[in-house]
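**Q** A single structure is presented below for examination.
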Amino acid sequence: MTDDTQAPIGIFDSGVGGLTVLKAIRARLPGEHLVYLGDTARLPYGTKSPASIARYAEQATARLLDEDIRLLVVACNTASAVALEALRAAVSPLPVIGVVEPGAEAAVVARPGGRHLVLATETTVRLGAYRRAIARLDPAAEVRELPCELLVALAEEGWTEGVEAESVVRRYLAAVEQSDYHPDSIILGCTHFPLLRDVIAACAPAGTSIVDSAETTARFVESQLADTAAKGVRGALKLLATDGASRFARVGGQFLGERLEESAIEIVDL
Ligand code: DGL
């Protein structure tokens, strides 16, 4: 890792979802320069094969390396589940931080020995990424994983509240209730899902903890940077996408809580 605090942290996801992680990193490390890449042209990743996702993740990483990043955050659970180890090996000694491990840690801290329900994409569920990560941290925990791909589309559309979002969430959760599994925690195992956090909390039984990996990931980033963290007040933010600048600006801006101009989104080819 370079000690150059002027070098940015690179962050990527399939779309705007990883902005949930970017926001947490920015809150914790406001002086850091950040470059974010949303691979919107190929979203969703969650329904694609591991081979395709691994290739997309490699290409996104290569594009961020062009920005001379000093640390890479894979702000996508699906890409973390599929490709984290391969990416680490490919870019070593550049540090690479995924979101599954921090999500699992946040859940076991919130509910030690608890029953967890992981909402994630089809591929993350198929690979059992959370099941394994939680078993390593807390062997007494129980885990169920539920693919909820439609929630990615709702988040990308900006439909994160109201009857449409609520009925989709209720339909997914009904399958779990019917199987008589009563979770203590619901893990938002996709970085798009924190956008639907309020709806998910409203549809979950009272007392269920809602856990996401953004805050814990930001903590991992901070401890990785240690005393090389940039001290400035407000680092620069560069936003890259592979398609749909206006949609990215609209939904991404809504989420970051600031107005994003379409012209601020650079469209890139991977
Ligand atoms: N936001 C991503 C994740 O955390 C992927 C969503 C998708 O593209 O399917 O898994």
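**Q** Residues being more than 14 Å from the ligand (Cβ to nearest atom) and either open to solvent by 30 Å² or more (accessible area, probe 1.4 Å) or of a type in the set (Asp, Glu) (or both): count how many of those fall in region 127-149.
**A** 10
**Q** Same structure, new question: Just wondering, is there one or more residues in region 36-46 that are closer than 29 Å to Thr5 by Cα, surrounded by 20 or more Cβ atoms within 10 Å (Cβ to Cβ) and more than 12 Å from the ligand (Cβ to nearest atom)?
**A** yes
**Q** Here are the criteria: (1) away from the ligand (no atom under 16 Å from the Cβ); (2) out of contact with any Pro (no Cβ under 6 Å at 6 or more places or on another chain). Tell me which single one Arg247 does not satisfy.
**A** Result: Arg247 passes all but (1).
**Q** If you check Val152, Val163, which single one turns out to be under 25 Å from Gly207 (Cβ atoms) and either within 16 Å of the ligand (Cβ to nearest atom) or of a type in the set (Val, Ile, Thr) (or both)? Can you show your working first?
**A** Details: Val152 fails: under 25 Å from Gly207 (Cβ atoms).
Result: Val163 is the single residue among Val152, Val163 that is under 25 Å from Gly207 (Cβ atoms) and either within 16 Å of the ligand (Cβ to nearest atom) or of a type in the set (Val, Ile, Thr) (or both).
**Q** Kindly evaluate Pro194 against the criterion of being in contact with an Asp or Glu (Cβ under 6 Å, 6 or more places away or on another chain), surrounded by fewer than 24 Cβ atoms within 10 Å (Cβ to Cβ), in contact (Cβ under 8 Å) with a residue 40 or more places away in the chain and within 30 Å of Arg247 (Cβ to Cβ). Working first, answer last.
**A** Working: in contact with an Asp or Glu (Cβ under 6 Å, 6 or more places away or on another chain): yes; surrounded by fewer than 24 Cβ atoms within 10 Å (Cβ to Cβ): no; in contact (Cβ under 8 Å) with a residue 40 or more places away in the chain: yes; within 30 Å of Arg247 (Cβ to Cβ): yes.
In short, no.
**Q** When region 78-102 is examined, which residues are found to be away from the ligand (no atom under 16 Å from the Cβ) and either assigned to a loop (DSSP other than H, G, I, E, B) or crowded, with 24+ Cβ neighbours inside 10 Å (or both)? It would help to see each step written out before you state the result.
**A** Step one: of region 78-102, the residues away from the ligand (no atom under 16 Å from the Cβ) are 85-86, 88-95.
Answer for region 78-102, where residues must be away from the ligand (no atom under 16 Å from the Cβ) and either assigned to a loop (DSSP other than H, G, I, E, B) or crowded, with 24+ Cβ neighbours inside 10 Å (or both): Ser92, Pro93, Leu94, Pro95.
**Q** May I pose another question? Which numbered condition in (1) closer than 25 Å to Leu256 by Cβ; (2) open to solvent by less than 10 Å² (accessible area, probe 1.4 Å) is the only one that Phe220 fails?
**A** (2)
**Q** Of the conditions (1) closer than 21 Å to Arg219 by Cβ; (2) touching an Asp or Glu at 6+ places or on another chain (Cβ under 9 Å); (3) aliphatic (A, V, I, L, M), Val100 satisfies every one except a single condition; which number is it?
**A** Tallying (1) closer than 21 Å to Arg219 by Cβ; (2) touching an Asp or Glu at 6+ places or on another chain (Cβ under 9 Å); (3) aliphatic (A, V, I, L, M), Val100 fails exactly one: (2).
**Q** Follow-up. Name the pairs whose Cβ atoms lie under 7 Å apart, with the first residue in region 138-160 and within 30 Å of Ala249 (Cβ to Cβ), the second in a loop (DSSP other than H, G, I, E, B) and open to solvent by 20 Å² or more (accessible area, probe 1.4 Å), and 6 or more positions between them or separate chains?
**A** Note: pairs meeting the criteria are Glu149/Pro44; Glu149/Thr47; Val152/Pro44; Leu154/Thr160; Glu156/Leu43.
**Q** May I ask you to verify whether Gly128 is at positive phi and not basic (Lys, Arg)? Spell out the reasoning first.
**A** Numbers: at positive phi: yes; not basic (Lys, Arg): yes.
Yes, satisfied.
The values are calculated or read from the model by the stated rules, or taken from the named source; none is laboratory data. What you see is a predicted model, and the numbers here were worked out from it, not measured in a lab. Glycine also receives a Cβ, built like all others from the backbone with ideal geometry; neighbour counts cover every protein chain displayed. Surface areas here come from the heavy atoms of the whole protein model, side chains and all, with no ligands, DNA or RNA. Shrake-Rupley method; radii C 1.70, N 1.55, O 1.52, S 1.80 Å.
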